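> This is the structure I want to talk about, given as structure tokens.
Read the figures in this text as sums done on the coordinates, not as results from a lab. Given the structure is predicted, the values throughout are model-derived calculations rather than measurements. All Cβ positions, glycine included, derive from the backbone under ideal geometry; neighbour counts span all protein chains shown.
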Amino acid sequence: MPTRHKQVEVAVAMPVFGTYTYQVPPALEGLVEAGKRVLVPFGSRRITGYVLGDDSRDTADNLKPVDDVIDDDTPLFPAEMIPFFRWIADYYIHPIGEVISDALPGGINPSEYAVFSPTARGRRALEENTLDTAEKKVLARLTEKACRWAALCKNTGEDIPRSLLEKMRRQGLIEKQHQLKRQTVRTKTERCAALADTSADESGLSEPKAKIIQHLRTNGQSPVAALKKIVPTAAAHVRDLAKKEIVCIVEQEVYRDPFGDPVTPDTPPRLTAEQQRVVREAAEAVTSGFRTYLLAGVTGSGKTEVYMHIAAHALEHNRTALVLVPEIALISEIERRFRARFGARVAVLHSGLSAGERFDQWMRIARGEAPVVIGARSAVFAPLTQPGVIIVDEEHDTSYKQEGRLHYNARDMAVVRAKLANGAVVLGSATPSVQSVYNVAAGKFRELNLTRRIHRQAMPEVAVVDLRQHKGLKGARRFITPPLEEEIRATLGRNEQVLLFLNRRGFASYPVCAQCGEALKCRHCDITLTLHKKANIYKCHMCGYFRAAVSKCDTCGSASIKQLGTGTEKLEDAVATLFPEARVARMDKDTINRKGALLKILKDLREQKIDILVGTQMVAKGHDFPNITLVGIICADLSLSFPDFRAGEMTFQVLAQVAGRAGRGTAPGKVVLQTYSPDHFAIRAARIQDFMSFYNQEIKFRKALQYPPFARMTQLKISGRDKTKARQQAEDLGRLCQQIQNSGDPNLKQVQVLGPIESPVTRIAGRYRWQILLKAPEAGAVRKMLNLLRTQNPSAFPGREIHTAIDVDPFFMM
């Protein structure tokens with residue numbers, strides 16, 4: 001019998017469900033292992049695959065072979081992460097190959113693509129003019145230059161059907177060749193010099209060459225760039241010494257540094273009795289087995305110090321630690337504190353890094369050089385081995401929900417990853433999510449509490465201003481009422497800092513024609529544009545479309561546009577008008593989009609070069625500035641009107657969080673909360689910083705309407721550029737859902753099918769949007785219906801013209 005080669009299970013980086021079995025040629029057997037990338041044949045081309053382990057499922061003798069191993073030494077992810085990837089694929093109903101592809105740094109996968117070129121027969125046919133118009137256009141373009149299908153469409157200005165190209169290929173008019181595109185992100189290297197002959201005598205050499213040899217003899221191998229600081233012409237001298245075989249030149253891998261300024265090592269402070277109790281209990285789970293803790297700590301109670309002590313305990317027991325924060329804006333501060341404690345053992349992962357920096361940080365983690373990882377939601381995929389603790393700071397934050405190809409919640413995935421690793425997970429927040437508090441009540445989570453601020457500062461006093469009583473005010477005082485203005489003046493008079501919060505960026509969020517009353521809307525979305533005065537443009541916050549600020553009304557052509565609505569830019573102008581002597585800064589998505597801009601704002605705030613900071617919700621999370629004693633909430637009602645069952649929860653959380661920025665130093669803090677709805681239970685609870693009073697009322701509402709946590713929901717999001725086809729797809733899926741529901745299976749009977757219905761924002765980026773909501777007491781029933789939907793109508797998931805996305809546990813219903 002012929003010898004059977006080793007077989008491996010491979011997940012391919014394609015939108016296909018399931019995995020495939022490939023045989024490993026003898027020459028590659030020592031290189032192929034779980035966690036590595038391989039190049040495999042798939043259909044008519046070669047693509048990237050991920051090895052999941054040995055596989056004996058397929059006994060066929062004609063299995064396709066692995067073509068090549070992309071990763072030579074270190075696997076990109078440890079084998080222990082594979083069950084985690086399988087869980088994600090199953091729970092979120094997403095192809096496992098795409099799950100892994102989304103988890104890894106971008107730009108690292110080689111890919112093969114088709115290039116079309118004319119044959120000799122095609123060139124003759126073009127010269128003899130025997131072709132129809134479409135064929136003539138294709139061949140005329142390909143005669144100029146062979147190209148891919150997308151480039152062909154772009155250069156001809158037409159959507160060339162693939163069927164036409166296939167027909168021309170069969171007729172022998174064109175040929176199709178596959179070319180391999182190598183990865184765009186690679187390891188960075190630098191040239192280094194080392195002594196090849198340690199007994200070399202430099203006495204007969206020139207002074208520059210002698211200096212180089214002396215340096216190498218004393219310091220060992222050195223980068224050529226470092227040698228240039230000693231001898232400016234070192235590169236040429238090193239080449240000469242290499243020819244004489246006195247010096248050898250090697251390429252050494254180096255990491256790109258994402259950190260910037262170095263930090264001074266710190267000494268752990270003495271913990272309070274509360275902090276010691278929390279650390280003791282959470283640290284025990286690092287070595288004793290999986291456990292989930294909800295750390296409910298008031299703002300300023302020292303949760304970050306608790307995190308660092310638990311992480312240190314994990315490292316002491318040869319385990320690793322992962323810390324997730326909701327936004328990049330928070331990473332710089334917490335990363336500096338962890339680096340001061342753990343030094344070079346810290347890595348960061350987030351989308352603000354360059355592709356090369358992210359790849360280097362990933363490899364440092366995969367090689368075991370950085371056992372502590374800090375990052376935003378995507379860091380939940382960090383290739384750590386044996387994570388002993390996973391910390392999710394501000395666990396309530398909606399930023400942990402990913403909206404993209406793979407709709408996932410990093411907080412929930414952190415719990416699963418800790419369970420699979422038999423470690424601890426700590427969910428920290430001053431305003432926990434309703435779901436997490438319910439899980440404590442149900443016995444799934446254990447609760448830990450920090451009830452006092454670290455230096456026993458009092459919580460800030462909160463004064464409510466009813467905006468209904470200030471409707472007639474003009475100019476800047478429409479936003480800054482007399483009570484708030486008075487408090488700002490008093491605070492500035494004491495040389496203390498002020499934070500003004502408005503969760504809407506831009507200058508005017510509702511520009512309206514003064515002649516006909518029509519709003520200026522985005523060309524591609526069904527929402528109004530927002531004026532950004534400093535950039536002198538109207539901009540869409542959904543798709544990024546913009547137009548000049550001098551634009552006229554699309555309906556009547558009038559140039560008279562009223563700038564209604566308020567954003568942080570208009571508020572900044574109002575503050576500058578009322579307080580011309582104050583140093584004012586703004587912190588929102590528009591002001592921190594340049595690299596380093598966020599760090600400069602935070603540094604200026606820390607060094608008290610800013611008197612008044614105006615910002616959106618990014619200023620509400622995690623920042624600790626002791627000299628901020630006054631927080632002004634310009635309008636507390638903005639999120640209450642969202643068509644979302646979590647509107648009250650989001651309102652309470654953001655108000656309580658931003659109020660917690662006040663009075664974190666020695667001086668007492670105050671909050672002025674302006675609202676049109678002072679009697680709303682979320683506003684009342686935020687005023688007294690009482691989460692449980694909010695929770696007790698909110699949970700009754702959720703139970704009465706069977707919303708999470710009393711039900712599990714999945715949203716089908718249907719979108720397409722053709723309005724009619726998008727609607728048709730939604731209606732077809734809706735009918736199929738009803739048919740599956742009525743199939744007689746008692747589990748499927750309990751699934752409620754709501755919709756199809758047009759989304760509240762019916763068009764975004766030129767795509768018409770519909771949605772179907774599936775709701776049931778248990779997640780298994782919904783998942784069963786979704787799997788039946790996918791198998792009975794596979795072309796819809798994800799679909800070419802009309803895209804259907806599955807969003808399990810949705811957060812955003814817009």
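> Quick check on my link table: of Lys521/Lys589; Lys401/Lys533; Lys521/Lys723, which ones sit more than 27 Å apart, alpha carbon to alpha carbon?
Beyond 27 Å: Lys401/Lys533.
> Taking 8 Å as the Cα distance limit and 6 or more residues as the minimum spacing, I'd like the relative contact order of the stretch 156-285 as a percentage.
After rounding, I find 27 percent.
> Dividing the convex hull volume of the alpha carbon atoms of the chain by its residue count, what do you get in Å³ per residue?
In the chain, the Cα convex hull volume per residue is 253 Å³.
> Quick one: Cα centre-to-centre distance for the stretch 731-773 and the stretch 292-353, in angstrom?
Their Cα centres are 41 Å away from one another.
> How big is the gap, in Å, between the Cα center of the stretch 28-84 and the Cα center of the stretch 662-712?
One Cα centre to the other: 51 Å.
> Give me Ser301, Ser509 ranked fewest to most by other Cβ atoms within 10 Å of their Cβ, as a rough exposure proxy.
Ascending Cβ contact count within 10 Å gives the list Ser509, Ser301.
> Listed highest first by mean packing, meaning other Cβ atoms within 10 Å per residue, what order do 774-783, 389-398, 190-199 come in?
Result, highest mean Cβ count within 10 Å first: 389-398, 774-783, 190-199.
> Using a simple spin-label model with points 7 Å from Cα along the Cα→Cβ vector, what separation in nm is obtained for Ala235 and Glu144?
3.9 nm
> Now, a different point. Ranking request for peptides 47-53, 763-769: highest mean number of other beta-carbon atoms within 10 Å first, then the rest in descending order.
In descending order of packing, they fall as 47-53, 763-769.
> Among the lysines, select those whose C-alpha is under 18 Å from the C-alpha of Lys703, and discard any that sit fewer than 8 residues away in the same chain.
Reachable lysines: Lys775.
> A further question follows. Which order, highest average first, do 247-256, 107-116 follow once you tally other Cβ atoms within 10 Å for each residue and take the mean per peptide?
Ranked by mean Cβ neighbours within 10 Å, highest first: 107-116, 247-256.
> Another question, then. What percent antiparallel are the DSSP beta bridges of the chain, to the nearest 5?
For the chain, the DSSP antiparallel bridge percentage is about 60.
> Also, I was wondering about something else. Return a single number: how many Lys pairs in the stretch 112-181, at a sequence separation of 8 or more or on separate chains, have alpha-carbon atoms below 19 angstrom apart.
For the stretch 112-181, the number of qualifying lysine pairs is 13.
> OK, next. When the helices in the chain are scored as -39500 (n - 2.57) per DSSP H run of 4 or longer and the sum is shared across all residues, what 222 nm value do you end up with, to the nearest 500 deg cm²/dmol?
Taken over the chain, the calculation gives -10000 deg cm²/dmol.
> Still on this model: Of Thr272, Ile802, Gln706, which is farthest towards the positive pole of the chain's charge dipole, taken about the Cα centre with +1 and -1 on the beta-carbons of Lys, Arg and Asp, Glu respectively?
Ile802
> Further question: How about Lys228: which lysines have a C-alpha closer than 28 Å to its C-alpha, ignoring those fewer than 8 places off in the same chain?
Candidates past the 8-residue exclusion: Lys188, Lys209, Lys211, Lys243, Lys244.
> Now for a different question. How big is the equivalent ellipsoid of the stretch 7-110 along its three axes, where each semi-axis is √(5λ) from the Cα gyration tensor, reported in whole Å from largest to smallest?
20, 16, 14
> Take Asp611, Asp732, Asp679 and order them by how many other Cβ atoms sit within 10 Å, fewest up front.
Listing Asp611, Asp732, Asp679 from fewest to most nearby Cβ atoms yields Asp679, Asp732, Asp611.
> Please order His94, His178 by the number of other Cβ within 10 Å, starting at the fewest. Intermediate results must be reported in sequence, preceding the final value.
Details: His94 23, His178 11.
In increasing order of surrounding Cβ atoms, one gets His178, His94.
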